[in-house]
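A.B. asks: Sharing a structure below in structure tokens format, with a few things to ask.
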4 protein chains.
Amino acid sequence: MQPKSGSGELTFTEVGRRRQIVAAAIETIAEVGYTGASFAQIAKRAGLSSPGLISYHFADKDELIGQVVAEIYGTGGAQIRLRSDQASSSTDAVLSFVAGSIAFYDSHRAHMRALIQILNGHPQARERWVDQANSAELDGIEQVLAQGQRDGEFRGDLVPRVAAVVIRDLLSGALQRLLTTPGLDVAAYTGELVTFCRRAISGSADA
Amino acid sequence: MQPKSGSGELTFTEVGRRRQIVAAAIETIAEVGYTGASFAQIAKRAGLSSPGLISYHFADKDELIGQVVAEIYGTGGAQIRLRSDQASSSTDAVLSFVAGSIAFYDSHRAHMRALIQILNGHPQARERWVDQANSAELDGIEQVLAQGQRDGEFRGDLVPRVAAVVIRDLLSGALQRLLTTPGLDVAAYTGELVTFCRRAISGSADA
Amino acid sequence: MQPKSGSGELTFTEVGRRRQIVAAAIETIAEVGYTGASFAQIAKRAGLSSPGLISYHFADKDELIGQVVAEIYGTGGAQIRLRSDQASSSTDAVLSFVAGSIAFYDSHRAHMRALIQILNGHPQARERWVDQANSAELDGIEQVLAQGQRDGEFRGDLVPRVAAVVIRDLLSGALQRLLTTPGLDVAAYTGELVTFCRRAISGSADA
Amino acid sequence: MQPKSGSGELTFTEVGRRRQIVAAAIETIAEVGYTGASFAQIAKRAGLSSPGLISYHFADKDELIGQVVAEIYGTGGAQIRLRSDQASSSTDAVLSFVAGSIAFYDSHRAHMRALIQILNGHPQARERWVDQANSAELDGIEQVLAQGQRDGEFRGDLVPRVAAVVIRDLLSGALQRLLTTPGLDVAAYTGELVTFCRRAISGSADA
DNA sequence: AATGAATGAGTGTTCATTCAT
DNA sequence: TATGAATGAACACTCATTCAT
């Protein structure tokens, strides 16, 4: 009998187990990909006695993967959220968001690798778990860009939504490159990307 | 006995069947992802009596997927190749490549969706079938950028390789967005992306 | 429609084709074993257009294999039949049968290898196709031994049937060894075996 | 998750199931040959619900067959080992080995039938599982023969290796005959084979 | 008489999931 | 709570055989 059915209460042990399994799933998916991450593999890596234990704690594989995605987003969200109120300017807010994102990717490679694998391997991952968060993030960037534009920091012909999209795409590309280029000089790469973004959005050519 | 062993000659019927199966595979992969695209699923969509028929016409799944990739690349290759010689300027070459790529993505959504799914789902897809083409493309962009820079069209501090990578990332992002955003105004989106790129690489702020 | 159904008549072409297929089957089985000798493999080696052609000429796989066995036995039968009437003595008959058998094995390695593979791989090969021939052969040896015993050539306590069986077993072992020992000195090995047999059946210890 | 991975410990139930499956495999192979012994067939005879259960308990077919061979050899090994130290003479050692082997074959027909089928049907059975044991056995026979020859029990012109090979061939032949001759009088056959061997190796004609 | 395309049952193996204990 | 045994559908792929042409 699934423990989480009926009431929404989870026991202390239950919560711990779920955390353990989610962590093992992240590690496993990062290592062997979503396709290779069978319950058997995850259980082996987590030191669990049987794949059945996972089915016992999660309704089905989709629930587990959903929790994995939530865990990854939760970890990142707190850190790299774009904070325009703490920044001295909109430009500063955008650029530190860019640099901060890459820094986060760099320090959480396993998480990011797992996330990518899930997005790649699970047919409905995007629509189910990440599209909403992504468009919220996009909205946030867009708002900062619009604000900066109103403040005269950014070029007048900049279309905030497009620029926001472009920045997100550059970050996606950066993540991809980070994970697949062995000896990448992250600092230098970050610097180049920040420069690129500054130039692309700034009001003056020499920004 | 596999029909295509030995000599490279293929019957008329054989060619037709292979085309049919490749087309069904593209459709299937676009719909249910690489992971979900079992021979059984492909056969069902192709109206074949049994999955065995696919094995009869293709040595193994890799051969089929290779043909799918070749078909997709073959379709697109002629259209979106970056042609600097036919362009009036390096700027024009780059921008029309960007616009042309998005136009191609837009008109071949199922193909591109399938390609992405394969790149995501097949462990060696990149190294086997696309890495070479991709880096050739990247080289092409880089060369045009470098030429434009020598000609004074582009800003002097532009690093051709970085800019080329950025442009490719933007296109990848554009493709992603195209496929996942239901009501996207492609023309507007393309226009804004082109503007963005022009500004990002041009030598003057008002380019 | 199977050509050989109804009347037992075979056309000239038909006979030729069957011979060709049987020969290809022998070659294939000798090379890749009975298990590996699918119709597809046999057709490929024979240069036949399709495995279907084999089914067209033979009712089923068993009929083909039966013909293969018959062909192999037919080839050998004429040559190594034990001829007591042409021998100067029973001892001579037996020993030249032993030596002759090994000589035949040596000169027909592919045939013998195929035969062994069939006996190994086909569940009912022995009972269907070879048991009868084998016991006939055994009878022949036994009769010569009994005759030689009556003539006083062989030891009185020799039990003809047992000795015949022993001789056949030695030949089976010799064939096995011949096919699996790369650099075997066949002449020496034959000599030893003949000596062994002479001693085992002769009436005097120094025979 | 395969139960036997990681530590070598096996549950009580697990051991029982493996035994059951191995026993069913022996029975199946003896009945329908190695080729016909699919997991489906074995499962049917074992009363298992699905062939997948065999894969659950054994890593792959080779592991199962290896266990089958080990089981067969394990059963026989203790009984038919040639014990020269417990024999009153080398002659006695050899002859009781011969008689004992046949007795074992007779009392373990299914096992021996299965072993033969495996040796015949599995491409690498010999080199993987039995060659070592076989040549050790051959060495043992040869040594006893050489010792007996040094002691003057056997004829001086006997070549130990050749005689050992001959004896093994006779036993192989005996096994074959035992399994394929319905009404064979085993006792008589054994007696005659022993007599034959005694005469063939003894130093005196009346041995 | 022959071809090549097609068929469908069969192979070993993996998988998420169930369930008695 | 957790375990390990079991289940049965699914996987890619091979096979002997069929059949329209």
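A.B. asks: Kindly list, by first and then second residue, each pair from a residue in the stretch B:44-65 that is over 25 Å from B:Gln124 (Cα atoms) to a residue that is more than 7 Å from DNA strand E (Cβ to nearest atom), limited to pairs with Cβ atoms under 6 Å and residues at least 6 apart or on different chains.
C.D. replies: That search, which allows pairs on different chains as well, returns B:Arg45/B:Ala24; B:Arg45/B:Glu27; B:Arg45/B:Thr28; B:Ala46/B:Gln20; B:Ala46/B:Ile21; B:Ala46/B:Ala24.
A.B. asks: Also, I was wondering about something else. Find the helices (runs of 4 or more DSSP H) located wholly in the stretch B:42-107 whose residues include 3 or more that are outside the structural domain of B:Val144 (by TED's automatic domain parsing), modelled with pLDDT under 95 and under 19 Å from the mean Cα position of the chain (by Cα), and list them.
C.D. replies: The helices (runs of 4 or more DSSP H) meeting that bar are B:61-80.
A.B. asks: Does the stretch B:143-159 contain any residue that is more than 10 Å from chain A (Cβ to nearest Cβ), over 19 Å from A:Thr195 (Cβ atoms) and within 21 Å of the chain's Cα centre (by Cα)?
C.D. replies: Within the stretch B:143-159, one or more residues are more than 10 Å from chain A (Cβ to nearest Cβ), over 19 Å from A:Thr195 (Cβ atoms) and within 21 Å of the chain's Cα centre (by Cα).
A.B. asks: Just to be sure before I move on: is D:Glu63 open to solvent by 10 Å² or more (accessible area, probe 1.4 Å), within 16 Å of DNA strand E (Cβ to nearest atom) and out of contact with any helix residue (DSSP H, G or I) (no Cβ under 8 Å at 6 or more places or on another chain) in the structure I sent?
C.D. replies: The answer is yes for D:Glu63.
A.B. asks: Can you say whether A:Ile118 is more than 30 Å from A:Ala24 (Cα to Cα), in contact (Cβ under 8 Å) with a residue 40 or more places away in the chain and in the same structural domain as A:Ser90 (by TED's automatic domain parsing), as far as the supplied structure shows?
C.D. replies: Spelling it out, it is not the case that A:Ile118 is more than 30 Å from A:Ala24 (Cα to Cα), in contact (Cβ under 8 Å) with a residue 40 or more places away in the chain and in the same structural domain as A:Ser90 (by TED's automatic domain parsing).
A.B. asks: In addition: For residues that are at the interface with chain C (Cβ under 7 Å from one of its Cβ atoms), acidic (Asp, Glu) and over 23 Å from C:Pro123 (Cα atoms), tally how many sit in the stretch D:167-202.
C.D. replies: Of the residues in that region, 1 qualify.
A.B. asks: Looking only at residues in the stretch A:42-57 that are within 7 Å of DNA strand E (Cβ to nearest atom) and open to solvent by 50 Å² or more (accessible area, probe 1.4 Å), which one is nearest to the other protein chains (Cβ to nearest Cβ)?
C.D. replies: Of everything passing the filter in the stretch A:42-57, A:Ser55 is nearest to the other protein chains (Cβ to nearest Cβ).
A.B. asks: How many of the residues in the stretch A:24-38 are open to solvent by 40 Å² or more (accessible area, probe 1.4 Å) and either farther than 21 Å from B:Leu119 by Cα or not in a helix (DSSP H, G or I) (or both)?
C.D. replies: 2
A.B. asks: Residues in the stretch D:176-188: is at least one surrounded by 17 or more Cβ atoms within 10 Å (Cβ to Cβ) and touching a strand residue (DSSP E or B) at 6+ places or on another chain (Cβ under 9 Å)?
C.D. replies: no
A.B. asks: Also, I was wondering about something else. Check whether at least one residue in the stretch D:149-164 is among the polar types (S, T, N, Q) and either open to solvent by less than 50 Å² (accessible area, probe 1.4 Å) or in contact (Cβ under 8 Å) with a residue 12 or more places away in the chain (or both), and report yes or no.
C.D. replies: Yes: one or more hits.
A.B. asks: Next question, about the same structure. With respect to the numbered conditions (1) closer than 30 Å to A:Gln124 by Cβ; (2) surrounded by fewer than 15 Cβ atoms within 10 Å (Cβ to Cβ); (3) facing chain A (nearest Cβ under 10 Å), which one is the sole condition not fulfilled by B:Leu119?
C.D. replies: With respect to (1) closer than 30 Å to A:Gln124 by Cβ; (2) surrounded by fewer than 15 Cβ atoms within 10 Å (Cβ to Cβ); (3) facing chain A (nearest Cβ under 10 Å), B:Leu119 is out only on (2).
A.B. asks: Among residues belonging to the stretch D:23-41 that are of a type outside the set (Val, Ile, Thr) and more than 14 Å from chain C (Cβ to nearest Cβ), point out the one that is farthest from DNA strand E (Cβ to nearest atom).
C.D. replies: My answer is D:Ala23.
A.B. asks: While we're on this one: Just to be sure before I move on: is C:Gln124 over 16 Å from the mean Cα position of the chain (by Cα), more than 8 Å from every other protein chain (Cβ to nearest Cβ) and closer than 29 Å to C:Glu63 by Cα in the structure I sent?
C.D. replies: In short, yes.
A.B. asks: Here's something else I'd like to know. Confirm whether A:Leu170 is buried (at least 20 other Cβ atoms within 10 Å of the Cβ) and touching a Cys at 6+ places or on another chain (Cβ under 9 Å).
C.D. replies: Considered against the rule, which asks whether it is buried (at least 20 other Cβ atoms within 10 Å of the Cβ) and touching a Cys at 6+ places or on another chain (Cβ under 9 Å), A:Leu170 comes out as yes.
A.B. asks: Can I ask one more? Among the residues of the stretch B:13-36, count how many are at pLDDT 95 or above and within 8 Å of DNA strand F (Cβ to nearest atom).
C.D. replies: 0
The values are calculated or read from the model by the stated rules, or taken from the named source; none is laboratory data. Note that the coordinates shown come from a computational prediction; the quantities given were computed from them, not determined experimentally. A quick note on method: Cβ atoms are made from the backbone with ideal geometry, for glycine too, and the neighbour counts reach across all protein chains shown. Calculation scope for accessible area: heavy atoms of the full protein, side chains included, ligands and nucleic acids excluded. Shrake-Rupley method; radii C 1.70, N 1.55, O 1.52, S 1.80 Å.
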